[in-house]
Amino acid sequence: MKSYAENIIEWPRGRLDFSAGCIVMGVLNVTPDSFSDGGWFFDAAKAVERGLRMAADGAAIIDVGGESTRPGSASVSADEQIKRVVPVIKALCKKIDVPISIDTYKHEVAKAALEAGAGMINDITALSDERMAELAAKHDMPVVLMHMQGRPATMQIEPKYDNVVNDVLQFLLERARRAENAGIDRKKIFIDPGIGFGKTLEHNLLLLRNIDKFVASGYRVLIGTSRKSFIGKLTGKEEPSERIFGTAATVALCAAAGVSIVRVHDVAEMVDVVRVVKAIEKS
Ligand code: HH2
């Protein structure tokens with residue numbers, strides 16, 4: 001398994017400890033329409049309660065988002081995203097010291113989230129907007145660079161690659177270099193193959209089977225498989241909430257392969273999965 005130069009990443013707004021291996025990022029969607037939990041935490045008080053629950057369940061990061069990026073979704077304005085996420089981030093930051101990440105590709109939203117107390121940027125467009133890179137560099141924030149083919153509205157219409165593993169990895173390495181050139185600290189860059197973002201079932205499976213190639217790149221890897229539709233296709237489970245065991249299989253595989261962060265909805269369950277994988281590795 002890949003061993004990184006440093007196991008602890010510290011910055012003004014947070015600290016992440018990878019010394020025991022993979023850590024869990026909890027997903028908190030403050031949206032009316034996310035594919036799995038849309039509407040459940042749209043109310044700020046409910047979202048805060050959920051965030052506190054995830055922290056108590058062992059989430060090492062909470063990823064707050066105000067826009068669904070499920071296949072076919074339309075984009076949400078920066079103002080509306082800010083209205084959704086800022087009160088939740090402020091309330092969570094008062095109550096817990098788990099780092100909060102903001103799931104957005106809009107720099108205005110990232111800036112407002114940062115002012116509200118967020119400490120990390122999760123960008124599904126891998127810093128396509130240079131202002132996002134500048135913001136992250138200026139505030140020394142960790143960033144997640146995710147690969148996506150196309151845009152959410154149309155990304156699942158016939159995605160195509162020459163070689164999905166190489167194409168996605170090369171894209172991420174190029175974006176990671178660009179991030180470093182913009183002044184972002186290398187050890188604070190996380191690469192993510194973007195499971196389900198412009199990918200067929202076969203593409204998703206190939207990326208997961210070859211996740212060690214991403215880990216071997218030297219950049220830390222984050223992966224988001226939680227409850228996604230490819231798990232529904234494999235298991236016949238229509239309801240995202242029925243895909244927890246399917247998710248667990250991917251989390252175990254990724255944790256064993258050296259992935260640093262798993263982004264999940266079911267924090268308590270996946271913390272257990274990761275804990276067992278770590279115990280086996282240590283034995
Ligand atoms: N997946 C989703 C959203 N953001 N960010 C990263 N880095 N990696 C992912 O795989 C990823 C992500 C989609 O999941 P979710 O947030 O639950 O759904 P929705 O986009 O419908 O809100």
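The values are calculated or read from the model by the stated rules, or taken from the named source; none is laboratory data. Since the model is a prediction, treat every value here as computed from it, not as a measurement. Glycine also receives a Cβ, built like all others from the backbone with ideal geometry; neighbour counts cover every protein chain displayed. Ligands, DNA and RNA are excluded from the accessible area calculation, which covers all protein heavy atoms including side chains. Shrake-Rupley method; radii C 1.70, N 1.55, O 1.52, S 1.80 Å.
Summary table below
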| read-out | value |
| --- | --- |
| Nitroxide proxy distance, nm - points 7 Å out along Cα→Cβ at Arg178 and Leu234 | 3.1 nm |
| Solvent-accessible area per residue, Å², over the chain with all protein chains present [probe radius 1.4 Å] | 43 Å² |
| Rounded, prolate or oblate (a/c below 1.5 giving rounded, otherwise prolate when a/b exceeds b/c) for segment 12-112 by Cα gyration tensor | prolate |
| Compactness of segment 175-262 as Cα Rg over 2.2 N^0.38 Å, two decimals | 1.17 |
| Cα→Cβ-extended label distance, 7 Å offset, between Ile8 and Ser241, nm | 4.0 nm |
| Potential extension, Ser283-Asp97 segment - 0.36 nm per residue separation minus Cα distance | 63.8 nm |
| Equivalent ellipsoid semi-axes - Cα gyration tensor, segment 47-171, angstrom | 27, 16, 15 |
| Segment 1-143, relative contact order [Cα under 8 Å, separation at least 6], % | 21 percent |
| Sequence-separation-based contact order of the chain, relative, with Cα cut under 8 Å and 6+ spacing, percent | 19 percent |
| Cα gyration tensor, the chain - rounded (a/c under 1.5), prolate or oblate | rounded |
| DSSP-defined antiparallel bridges as percent of all bridges, the chain, nearest 5 | 15 percent |
| Segment 48-76 versus segment 262-283: alpha-carbon centroid distance in Å | 19 Å |
| Per-q log10 I(q)/I(0), segment 136-283, q = 0.19 Å⁻¹ (Debye; single scatterer per alpha-carbon; no solvent) | -1.20 |
| Projected-area mean, segment 48-89, by convex hull of Cα positions, square nanometres | 3.6 nm² |
| Helix-only mean residue ellipticity at 222 nm for the chain, each DSSP H run of n ≥ 4 adding -39500 (n - 2.57), per residue, nearest 500 | -13000 deg cm²/dmol |
| Cβ-placed point charges (K, R +1; D, E -1), dipole of the chain about Cα centre in debye, nearest 20 | 320 debye |
| Peptides 253-259, 40-46 ordered by average Cβ neighbours within 10 Å, highest first | 253-259, 40-46 |
| Net lengthening on full extension, Arg186/Lys138 (0.36 nm per residue, minus Cα-Cα) | 15.9 nm |
| FRET efficiency for Ile157 and Ala249, using Cβ-Cβ distance with R0 set to 22 Å, rounded to 0.05 | 0.20 |
| Theoretical gain in end-to-end length, Asp129 to Asp57 [0.36 nm per residue, Cα-Cα removed] | 22.5 nm |
| Note, ³J(HN,Hα) from phi for segment 39-49, Karplus 6.51, -1.76, 1.60, rounded to Hz, x at Gly and Pro | x, 5, 10, 6, 6, 4, 5, 5, 5, 5, 4 |
